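> Mind looking over this structure? Questions follow.
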Amino acid sequence: MIELTESETQARLLSKALPYMQRYENKTVVVKYGGNAMGDPELGQAFARDIALLKQSGINPIVVHGGGPQIGAMLEKMGIESRFEGGLRVTDRATVEIVEMVLAGSINKEIVALINAEGEWAIGLCGKDGNMVFAEKAHKTIIDPDSNIEKIVDLGFVGEIVEVDRTLIDLLAKSEMIPVIAPVAPGRDGHTYNINADTFAGAIAGALNATRLLFLTDVPGVLDKNGKLIKELSVDQARQLIANGTISGGMIPKVETCIQAIEGGVEGVVILNGKTAHAVLLELFTEQGAGTLIIK
């Protein structure tokens, strides 16, 4: 067996990746960077390198990020108790100020700095900038565990997206800039709303008719009943797996968000493990991909 030099190995890898690079050239790819995938500095640098390489390959990447663990840590530091209803953080006025400070401030600028360090121009935004996103107060219905009766819970300043304006994002794409967007948005009522980052990413991707929406999570993707990764699903197949219990727990809202994004105009949505180094490149530029692709 002939041993290849490092440069020869790189050349072979590049030749295999080139057709996939050409497939996504001038296409929009939205990447949702989850709070749980942000903990490792080396993975953060690898993620930033991936995003920079997408831009250098002629792709239009857009990053939407979460930050739940970081918000929780800051609330604890500030002595503000976190309360959850139906899996969503109840966001009072004091909490939403911390949410905005952490998401649109420290986390957002950290990601921007990492991408800029890789030689690209990233710019930090939130839904407030350029009236990009408008939201309204969310109403959540849950089943009371004691009475087994449905009840509507008040989540405070948790919002649902009602409008997306792509004007600013399009201008930035033409200026060769990479938008990094925090899921905070204004309401027509003058209040600031905390938006679920997955939902926010899906709405942005749908408004842009993105070719791909990548959800970087802490799991490999959708697993079958034997724990094996499912490489590809149609929307109908995904719904069937929810109905028969194969998709369960926290994966249900994730997959439902994928379906909503596809119905909103996204060509394909991928759930993949953000704790795998260069997961974005593995998904887009290799034949086997890196997660579960859901298509219409």
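> Report, by chain and number, residues whose modeled amide H sits under 5 Å from the one on V162, excluding near sequence neighbours (fewer than 5 apart, same chain).
F134, A135, E136
> Related question: Which of the pairs K137/K174; K140/K228; K32/K128; K32/K174 have their Cα atoms more than 26 Å apart in this structure? All intermediate terms of the calculation are to be shown ahead of the outcome.
On the way: K137/K174 33 Å; K140/K228 33 Å; K32/K128 18 Å; K32/K174 21 Å.
Long pairs (Cα-Cα over 26 Å): K137/K174; K140/K228.
> HN-Hα J couplings of region 121-130 from phi, Karplus 6.51/-1.76/1.60, θ = phi - 60°, integer Hz, Gly and Pro as x?
Whole-Hz 3J(HN,Hα) from phi for region 121-130: 9, 9, 9, x, 9, 9, x, 6, 5, x.
> Ranked from highest to lowest mean number of other Cβ atoms within 10 Å per residue, what is the order of the peptides 245-255, 267-277, 119-129?
Taking the mean over residues of other Cβ atoms within 10 Å, the ranking is 267-277, 119-129, 245-255.
> Now a separate question. Roughly how many nanometres apart are two label points built 7 Å out from the Cα toward the Cβ at R166 and N226?
4.1 nm
> Taking the convex hull of the alpha carbon atoms in region 138-213, what volume per residue do you get, in Å³?
Details: hull volume 9.2 nm³, N = 76.
Output value, Cα hull per residue: 121 Å³.
> Can you tell me the relative contact order of the chain? Whole percent, Cα pairs under 8 Å, sequence separation 6 or more. Write out the running numbers ahead of the final one.
Details: 570 pairs, mean separation 64.4, N = 296.
Over the chain, the number comes to 22 percent.
> For I178, list long-range residues whose amide hydrogen, built 1.01 Å from N in the peptide plane, is under 5 Å from its own amide hydrogen.
Here W121, A122, I123 satisfy the definition.
> Size of region 78-118 along its principal axes in angstrom, Cα-based, largest extent first?
Reported extents, whole Å, longest axis first: 40, 21, 14.
> Heavy atoms only, probe 1.4 Å: what % of the accessible area of the chain goes to carbon and sulfur, would you let me know? Mind dumping the intermediate values first?
Working: 7470 of 14730 Å².
In the chain, the share of accessible area belonging to carbon and sulfur is 51 percent.
> Hey, another quick one. If you compute volume of the Cα convex hull per residue in Å³ for the structure shown, which of (i) 117; (ii) 148; (iii) 126 do you land on?
Recomputing volume of the Cα convex hull per residue in Å³ here gives the entry labelled (ii).
> Given H placed on each backbone N at 1.01 Å, which residues far from V90 in sequence or on other chains put an amide H within less than 5 Å of it?
R83, F84, E85
The values are calculated or read from the model by the stated rules, or taken from the named source; none is laboratory data. Everything numeric in this text was worked out from a predicted model, so none of it was measured. Please note: Cβ atoms are built from the backbone with ideal geometry, for glycine as well, and neighbour counts cover all protein chains shown. When the accessible area is computed, the model is the full protein with side chains, heavy atoms only, and any ligands, DNA or RNA have been set aside. Shrake-Rupley method; radii C 1.70, N 1.55, O 1.52, S 1.80 Å.
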